[in-house]
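Only one structure is covered here, and it is reproduced in the block below.
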Amino acid sequence: MAVAQEIFDKLVFEYPKFIKSITELSYNRAGGQNFIGSDVCGFDFDMVYNLSPSYSVTHNEKSPDALFCMNNKLWFIEFKEGGHKKIEIRSKIHEGILTLFMFVQRHLPHITKEVFCNLDIRYAVISRETQKFSSFAQALKAASEKYQLKNIEGFLVSKVFYTVDPNRVADLLSAVTAGAVGFIEYYDGTTNPPARISVN
């Protein structure tokens, strides 16, 4: 079995209740708002505790919201409202990878540190931008400057991805679920009904 899939399957085995719909995974608890509507499921990585022996008790880090595994690639996904600080967004993938590594050490000790460090791990931030911009290009530029995710590409993770575009969100979620996502319902943060966005 491919290593990434073995890790993902072990997470699901140990934490079967953490499999949740994308609707649940993307829900903004603080604001009490839906974001992405889809019955297709992923793994709620936000619930996984860091099992490091350096902690006297199990410790929950601020890690990405969801984890998916596709073609032996692990995809961490963060669902965010606009306005979050760069350090918060970037630190979540740091903590997520550390938490995953400690899980592997505890539950899959035959997977060496070298093998783990060679995993194809990717990080996507899907944002509902709350700040108003005069153009979509300006919104992307502002987000790129705000989070500077490219700075961690090729070191902590092999690829990073950021989008505020509902069409690209649908395409990404379709890709990481092997096509299980055929469409999403996109909530824009207002009282408007969600828009149905089909995968290209």
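At-a-glance table
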| item | result |
| --- | --- |
| Length released on extending from Val12 to Met70, taking residue separation times 0.36 nm less the Cα-Cα span | 19.4 nm |
| Val48 long-range amide H proximity, modeled H, under 5 Å | none |
| Estimated vicinal HN-Hα couplings, Hz - the range 100-109 in sequence order (Karplus 6.51, -1.76, 1.60; Gly, Pro = x) | 5, 4, 5, 4, 4, 4, 6, 9, 9, x |
| Amide hydrogen neighbours beyond the local backbone of Ile19, cut-off 5 Å, H modeled | Asp44 |
| Peptides 182-189, 119-126 ordered by average Cβ neighbours within 10 Å, highest first | 119-126, 182-189 |
| Cross-link pairs beyond the 18 Å C-alpha cut-off, checked among Lys92/Lys159; Lys10/Lys92; Lys73/Lys159 | Lys10/Lys92 |
| Neighbourhood charge, 15 Å Cβ-Cβ cut-off, centred on Val199 and excluding it, Lys, Arg +1 and Asp, Glu -1 | -2 |
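Every number in this text was worked out from the coordinates using simple rules, so none of it is lab data. These numbers were taken from a predicted model, which means no experiment stands behind them. Every residue, glycine as well, gets a Cβ built from its backbone with ideal geometry; the counts of neighbours run over all protein chains shown.
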